[in-house]
Structures are given as structure tokens and as C-alpha cells.
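Quick notes on the structure that follows.
The values are calculated or read from the model by the stated rules, or taken from the named source; none is laboratory data. Given the structure is predicted, the values throughout are model-derived calculations rather than measurements. As a convention, Cβ positions derive from the backbone with ideal geometry for all residues, glycine included, and neighbour counts pool all protein chains shown.
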Amino acid sequence: MQNEQVLFDSLDAADFVSLFGSVYEHSPWVAEQVWRQKAEHPKDYFDDIEKVQVAMKEVVDQSTDEQKLMLLRAHPDLAGKAALAGTMTNESKSEQAGAGLDQCSDEELARFLQLNDEYRSKFGFPFIMAVKGATKDQILDGFEKRTPNDWQTEFDRALNEVHKIASFRLADF
């Protein structure tokens, strides 16, 4: 933990955003806002990764609903078009590969594409699930259970899943 403190305390704004900007998918604004808040906090604001995680979560939770919606929309579909086109972030590629989504059969892929389209059409953002440790069947089950939900329930659930993803990513630091 002492080495982390030296590392975090020695970062300038650009280095901090470079290091933490991808924790929230395609949303470096979260890290930028955390960095701006550093001046308002005690010197130990960034002395461990857990405090960085709390600060980043608070920035997201205190953002506007429009910012939250943009954050949700920044996420790729699971086993979706971004995966097929190879345009996902390295973090998303790794997370989806860990769940076996990079090895779907043609039938599984067709099912994922259908479910992604249905979900996105209903809610206006992609189905988001922290897939680390999950199987394809568990993810498909998540689609089935969550798609009937109302918009607010899914919006809140998707944000919770985004926070889980961020937590997993920060745990790798």
C-alpha cells in the first residue's frame, strides 16, 4: 500500500487520467473529475486504490441522469457487433473472453445478437452485466430475467453493474 501511495501522489492530471480513464468504459470524464476534486481533499485522498474506487463511484453517482445514460451507452453489447468488428476496449475484450463470449457457436451468437437488439430497443442502452466469473448460460439467463423489468429498474441495475465492472478493473491495479 505504501508503494501505491507514492505512485498515486506522484501522478499529474494527465498521468492520472491515462491510468484510470478506462476504468469506466469510454468515460475518462470520471477520472478527470476525480482528479479535479483532489485539491478539495486531504493529502491522503489517493493513498490507496480503494479510495480511488470510492471517489470514482461518487463522481458517477452524483452525475446527472444524462451523464449516467451516456456512460451506459458507452458500453458494448455482450457478444455483439463491437465484438464482431473488433472495436471493443482491451478491458472489455478480456472480460468478455473470460466469460467465453469470444467462442460462441453460430446459434449462441445469433441469440446474443437478438437479445442485445431487444434489450437496447426497450431501454435505449445496452444490456450491462459484470461478466467476470460468469458463464454464457448465466449471461443469457440475465438477459431473460432482466429484459421484462421497467426502465428505472434496469437503469439502476445497469449502473450497479457498471460499478462492479469498475471495481473488477481497479482490483487489477
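Just to check your reading of the model, which residue among L71, L115 is outside the structural domain of Q152 (by TED's automatic domain parsing), crowded, with 21+ Cβ neighbours inside 10 Å and modelled with pLDDT of 85 or more? Give the steps one after another, and end with the answer.
Working: L115 fails: outside the structural domain of Q152 (by TED's automatic domain parsing).
Selected residue: L71, the only one of L71, L115 that is outside the structural domain of Q152 (by TED's automatic domain parsing), crowded, with 21+ Cβ neighbours inside 10 Å and modelled with pLDDT of 85 or more.
I need the full set of residues from the stretch 134-164 which are more than 16 Å from D77 (Cα to Cα) and surrounded by 18 or more Cβ atoms within 10 Å (Cβ to Cβ), in order please.
none
Just checking, does the stretch 36-52 include any residue being among the aromatic types (F, W, Y), modelled with pLDDT of 90 or more and either surrounded by 15 or more Cβ atoms within 10 Å (Cβ to Cβ) or in contact with a Phe, Trp or Tyr (Cβ under 8 Å, 6 or more places away or on another chain) (or both)? Full working, then the answer.
Residues of the stretch 36-52 among the aromatic types (F, W, Y): 45-46.
Next, only the ones that are modelled with pLDDT of 90 or more stay: none.
The answer is no, given that none of the residues of the stretch 36-52 is among the aromatic types (F, W, Y), modelled with pLDDT of 90 or more and either surrounded by 15 or more Cβ atoms within 10 Å (Cβ to Cβ) or in contact with a Phe, Trp or Tyr (Cβ under 8 Å, 6 or more places away or on another chain) (or both).
This table checks each residue for (1) closer than 24 Å to V54 by Cα; (2) part of a loop (DSSP other than H, G, I, E, B); (3) not β-branched (V, I, T).
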residue: D102; (1), (2), (3): no, no, yes
residue: L113; (1), (2), (3): no, no, yes
residue: D117; (1), (2), (3): no, no, yes
residue: F125; (1), (2), (3): no, yes, yes
residue: I139; (1), (2), (3): no, no, no
residue: E144; (1), (2), (3): no, no, yes
residue: D156; (1), (2), (3): yes, no, yes
residue: A166; (1), (2), (3): yes, no, yes
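With the structure loaded, tell me whether N160 is without any contact (Cβ under 8 Å) to a residue 12 or more places away in the chain, part of a helix (DSSP H, G or I) and among the polar types (S, T, N, Q) or whether it fails that test. I'd like the intermediate steps shown before the answer.
Details: without any contact (Cβ under 8 Å) to a residue 12 or more places away in the chain: yes; part of a helix (DSSP H, G or I): yes; among the polar types (S, T, N, Q): yes.
Criteria met by N160.
For the stretch 74-87, which positions are modelled with pLDDT under 85, surrounded by fewer than 21 Cβ atoms within 10 Å (Cβ to Cβ) and at negative phi? Steps first, please.
Step one: filter the stretch 74-87 for residues modelled with pLDDT under 85, giving 79-87.
Now restrict to residues that are surrounded by fewer than 21 Cβ atoms within 10 Å (Cβ to Cβ): 81-82, 84-87.
If the condition is that a residue be modelled with pLDDT under 85, surrounded by fewer than 21 Cβ atoms within 10 Å (Cβ to Cβ) and at negative phi, then K81, A82, L84, A85, T87 are the ones that fit.
Failed condition for S94, given (1) under 22 Å from P28 (Cβ atoms); (2) free of Cβ contacts under 8 Å to residues at least 40 places away in the same chain; (3) in the same structural domain as A13 (by TED's automatic domain parsing), with all others met?
So the condition that S94 fails would be (3).
State yes or no: is P148 farther than 25 Å from A31 by Cα and modelled with pLDDT of 95 or more? Lay out the reasoning, then the answer.
Values: farther than 25 Å from A31 by Cα: yes; modelled with pLDDT of 95 or more: yes.
So P148 passes the test.
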